[in-house]
Amino acid sequence: MGTFQIIKHPLIEHKLTLMRSTETGPKDFRELLGEIAMLMGYEITRDFPLAEVEIETPMQKMTARKIEGKKVAVVPILRAGLGMVDGLLSLIPVAKVGHIGLYRDHETHMPVVYYNKLPFDIEQRTVILCDPMLATGGSASDAVAMLKEKGVTDIRLMCLVAAPEGVAKLQADHPDVNIYTAALDERLNENAYILPGLGDAGDRLFGTK
């Protein structure tokens, strides 16, 4: 059974408060999203295995520890998920990046796939799936299904704000996936937007509204 974790940290909460505010423009929104992604990345990678290696410091030889051959892929759900990639790559610069393009039909609220490009060895990697908003859970559930079809077995969903409805759907559809969020908000409104939320993350990220 996958875990559901709200990552609590004063810096994350502070930056998320700034992102929620209508006074925050695209430039600051982008920077804050990347910073929160990096901070959340510390928790998401906490269980990465370590191996002992022999190194030489300027003073002497020693046995130290480094990450043991963990292959990682960062996969943003387009387009808003793009804003989380650089923060994670600053922690894991050797990670490969895939892209899954989904948009929500405003009539049916169902996700529609328009792009799917993943690393050739994706099935060998721990995948950090990124989307700032976990609203209905439809897009995230479809993206996870696409990854599983490629043979991926270790999937970790990282979102900024989640609604209870989205968490419930993802846990029902994919109980083996770990979910990490910075906040669990109250509910969805009649248009399937998160309340209190922060609006449309893609529009605010790219200044398209």
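The values are calculated or read from the model by the stated rules, or taken from the named source; none is laboratory data. Keep in mind it's a predicted model, so treat the numbers as computed, not measured. Don't worry about glycine lacking a Cβ; one is built from the backbone with ideal geometry, like all the others, and counts go over all protein chains shown.
Details
- Strands (runs of 3 or more DSSP E) within segment 1-108 that include 2 or more residues loosely packed, with under 13 Cβ neighbours inside 10 Å, at negative phi and not charged (D, E, K, R): 50-56, 61-67
- Long-range neighbours under 9 Å by Cβ, at least six apart or interchain, first residue under 22 Å from I100 (Cβ atoms) within segment 58-75, second exposed (fewer than 10 other Cβ atoms within 10 Å of the Cβ) and of a type outside the set (D, E): K70/P49; K71/V94; V72/V94
- First in segment 1-21 and small (G, A, S), second anywhere and assigned to a helix (DSSP H, G or I), Cβ under 6 Å, 6 or more apart: none
- Evaluation of M59 against (1) touching a Gly at 6+ places or on another chain (Cβ under 8 Å); (2) over 18 Å from G81 (Cα atoms) (one fails), failing number: (1)
Quick grid of which residues meet (1) modelled with pLDDT under 95; (2) under 30 Å from D203 (Cβ atoms); (3) of a type in the set (V, I, T):
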site: K8; (1), (2), (3): yes, yes, no
site: A37; (1), (2), (3): no, yes, no
site: M62; (1), (2), (3): no, no, no
site: K71; (1), (2), (3): yes, no, no
site: H99; (1), (2), (3): no, yes, no
site: Y103; (1), (2), (3): yes, yes, no
